[in-house]
Amino acid sequence: MSALESAKKIKARFGDLVSEPMEFRGEISLKINNAEKIFDVCSFAKEQIGFGYLVDITSVDNYGEDPRWTVVYHLRAIVNGDEIRLKADVSEEKSQLPSVLPVWRTANWHEREIYDMMGIRFSGHPDLRRILMWEGYPYFPLRKDFPLAGKPTDLPGVAFTKPAPLEGGPFVTLPSGADAVSREPRVRNPEE
């Protein structure tokens, strides 16, 4: 069964809950019209069609639009290598989806990262806590309204308070020089 046939099978099972399969550059995507049903669609895709491998879960910030976020599930069938993509929109007011951790255990880290970076919660996740930022960090750094320069912290010692210098540091090699030995930092500064 091809990826397009698999997508059509999902569409036939869920009807208007799922969009018609969209094909772009040979990749098949389905839009889930009710994000609350993503667990049911994922369960069906794994158990009935054979998409046993959750490659990734990603999120897109559609800042300024409603719904604000799109969560994208990348699925692969190990047997034949077919891949499909499931997309579910999440509004800023709700900012929550059902966890697919019971379907694929690998969803654990993906959902935690999306929560940590975007602030989207996954109901039913047994351990939804930050994975990259420290507990208590009040912001979500991958949101488009987060400033590129970052935000100052009131927690000294947790994060750098000044930019770390890169140029001329003790472990930075020079792009020029006759050979690798002359670019070595210890050769330039023998006292270090």
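Taking the stretch 106-130 on its own, how many of its residues are free of Cβ contacts under 8 Å to residues at least 40 places away in the same chain, of a type outside the set (Phe, Trp, Tyr), within 18 Å of ARG143 (Cα to Cα) and in a helix (DSSP H, G or I)?
Summing the residues that are free of Cβ contacts under 8 Å to residues at least 40 places away in the same chain, of a type outside the set (Phe, Trp, Tyr), within 18 Å of ARG143 (Cα to Cα) and in a helix (DSSP H, G or I) in the stretch 106-130 gives 3.
Residue-wise test of (1) modelled with pLDDT under 95; (2) within 30 Å of ALA45 (Cα to Cα); (3) under 13 Å from the mean Cα position of the chain (by Cα); (4) not β-branched (Val, Ile, Thr).
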site: ALA88; (1), (2), (3), (4): no, yes, no, yes
site: GLU113; (1), (2), (3), (4): no, yes, yes, yes
site: ARG143; (1), (2), (3), (4): yes, yes, yes, yes
site: PHE146; (1), (2), (3), (4): yes, no, no, yes
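Suppose we filter the stretch 64-82 for residues that are of a type outside the set (A, V, I, L, M), buried (at least 17 other Cβ atoms within 10 Å of the Cβ) and either touching a residue at least 60 places away in the same chain (Cβ under 8 Å) or over 16 Å from LEU142 (Cα atoms) (or both); how many remain?
4
Would you check if there is a residue in the stretch 93-105 being within 15 Å of PHE122 (Cβ to Cβ), assigned to a loop (DSSP other than H, G, I, E, B) and at pLDDT below 95?
Checked the stretch 93-105: at least one residue is within 15 Å of PHE122 (Cβ to Cβ), assigned to a loop (DSSP other than H, G, I, E, B) and at pLDDT below 95.
Here is a yes/no grid of residues against (1) part of a helix (DSSP H, G or I); (2) in the same structural domain as LYS8 (by TED's automatic domain parsing); (3) of a type outside the set (D, E, K, R); (4) touching a Gly at 6+ places or on another chain (Cβ under 8 Å):
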{"position": "GLU36", "(1), (2), (3), (4)": "yes, yes, no, no"}
{"position": "GLN48", "(1), (2), (3), (4)": "yes, yes, yes, no"}
{"position": "HIS74", "(1), (2), (3), (4)": "no, yes, yes, no"}
{"position": "ILE78", "(1), (2), (3), (4)": "no, yes, yes, yes"}
{"position": "LEU86", "(1), (2), (3), (4)": "no, yes, yes, no"}
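Against the definition (in contact with a Leu (Cβ under 7 Å, 6 or more places away or on another chain), farther than 16 Å from TYR63 by Cα and not charged (D, E, K, R)), how does TRP104 come out, yes or no?
Yes.
Does the stretch 53-63 hold any residues that are surrounded by fewer than 18 Cβ atoms within 10 Å (Cβ to Cβ), in contact (Cβ under 8 Å) with a residue 40 or more places away in the chain and not hydroxyl-bearing (Ser, Thr, Tyr), and which are they?
ASP56, the sole residue that qualifies.
The values are calculated or read from the model by the stated rules, or taken from the named source; none is laboratory data. All values derive from a computational prediction rather than experimental measurement. All Cβ positions, glycine included, derive from the backbone under ideal geometry; neighbour counts span all protein chains shown.
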